[in-house]
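Notes follow once the structure below has been shown.
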Amino acid sequence: MTRPVKKFTWTNYIIRLGAAVVLVFATYNPSGWSYYHWVSQSEGFDVYIALGGVVLLIGWAIFLRATTRSLGAFGTLLAILFFGLLIWAVIDLFDIPSDDLNLLIYLFLIGLAGVLSAGISWSHIRRRMTGQLDVDEADV
């Protein structure tokens, strides 16, 4: 018996985007509240830092594997180009000065989260647009 296919909605994409934003910004951001800053300010080994690092590594593995499997190398390159040009358009549209490094880093991190969320959502989006399923493993 087949399971009914759940409809992929904008809400589903926004949830994935939110998870990607949390992953990217928890890893590094210019505010000083990130795993990078936590590690750089520690004075030695800390089990909580190690645990946090493993949790982030698991998140990155899930997002990167899903992105590369669903988009492929060429699709990932196109997603990077799309979000890169979108950031460039935002910089041009709002006349953001190139010397505002923190704002540029925030825009880059949001673009990276966009690439990851598009990658983890692409199989659902493709199925919705074309009616074709992507199947990697068969249920036995």
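Taking G32 as the residue in question, decide whether it is loosely packed, with under 14 Cβ neighbours inside 10 Å, closer than 29 Å to G131 by Cβ and among the small types (G, A, S).
When the stated conditions are applied, G32 does not pass them.
From L93, L64, grab the single residue that is modelled with pLDDT of 95 or more and either of a type in the set (G, A, S) or over 23 Å from G18 (Cβ atoms) (or both). Please lay out each step first, then the result.
Details: L64 fails: either of a type in the set (G, A, S) or over 23 Å from G18 (Cβ atoms) (or both).
The unique qualifying residue is L93.
Determine which single condition I58 fails, assuming it passes every other condition in (1) closer than 26 Å to N102 by Cβ; (2) part of a helix (DSSP H, G or I); (3) without any contact (Cβ under 8 Å) to a residue 40 or more places away in the chain.
Of everything listed in (1) closer than 26 Å to N102 by Cβ; (2) part of a helix (DSSP H, G or I); (3) without any contact (Cβ under 8 Å) to a residue 40 or more places away in the chain, I58 misses just condition (1).
What do you reckon, is A66 free of Cβ contacts under 8 Å to residues at least 24 places away in the same chain, assigned to a helix (DSSP H, G or I) and among the small types (G, A, S)? Quick ask: steps written out before the conclusion?
Working: free of Cβ contacts under 8 Å to residues at least 24 places away in the same chain: no; assigned to a helix (DSSP H, G or I): yes; among the small types (G, A, S): yes.
It is false that A66 is free of Cβ contacts under 8 Å to residues at least 24 places away in the same chain, assigned to a helix (DSSP H, G or I) and among the small types (G, A, S).
Kindly indicate whether any position in region 36-49 is under 17 Å from the mean Cα position of the chain (by Cα) and of a type outside the set (A, V, I, L, M, F, W, C).
No, region 36-49 contains no residue that is under 17 Å from the mean Cα position of the chain (by Cα) and of a type outside the set (A, V, I, L, M, F, W, C).
Quick one: would you say G84 is closer than 23 Å to T11 by Cα and either out of contact with any His (no Cβ under 7 Å at 6 or more places or on another chain) or in a helix (DSSP H, G or I) (or both)?
Criteria not met by G84.
From the list Y36, Y48, Y28, Y13, exactly one residue is in contact (Cβ under 8 Å) with a residue 12 or more places away in the chain, among the aromatic types (F, W, Y) and over 20 Å from S121 (Cβ atoms). Which is it?
So the residue among Y36, Y48, Y28, Y13 that is in contact (Cβ under 8 Å) with a residue 12 or more places away in the chain, among the aromatic types (F, W, Y) and over 20 Å from S121 (Cβ atoms) is Y28.
Considering F8, F83, F74, which residue is within 26 Å of R127 (Cα to Cα), of a type in the set (F, W, Y), surrounded by fewer than 13 Cβ atoms within 10 Å (Cβ to Cβ) and within 21 Å of the chain's Cα centre (by Cα)?
F74
The values are calculated or read from the model by the stated rules, or taken from the named source; none is laboratory data. Remember, it's a predicted structure, so these values are computed and weren't measured experimentally. Note: ideal-geometry Cβ built from the backbone for every residue, glycine included; neighbour counts use all protein chains shown.
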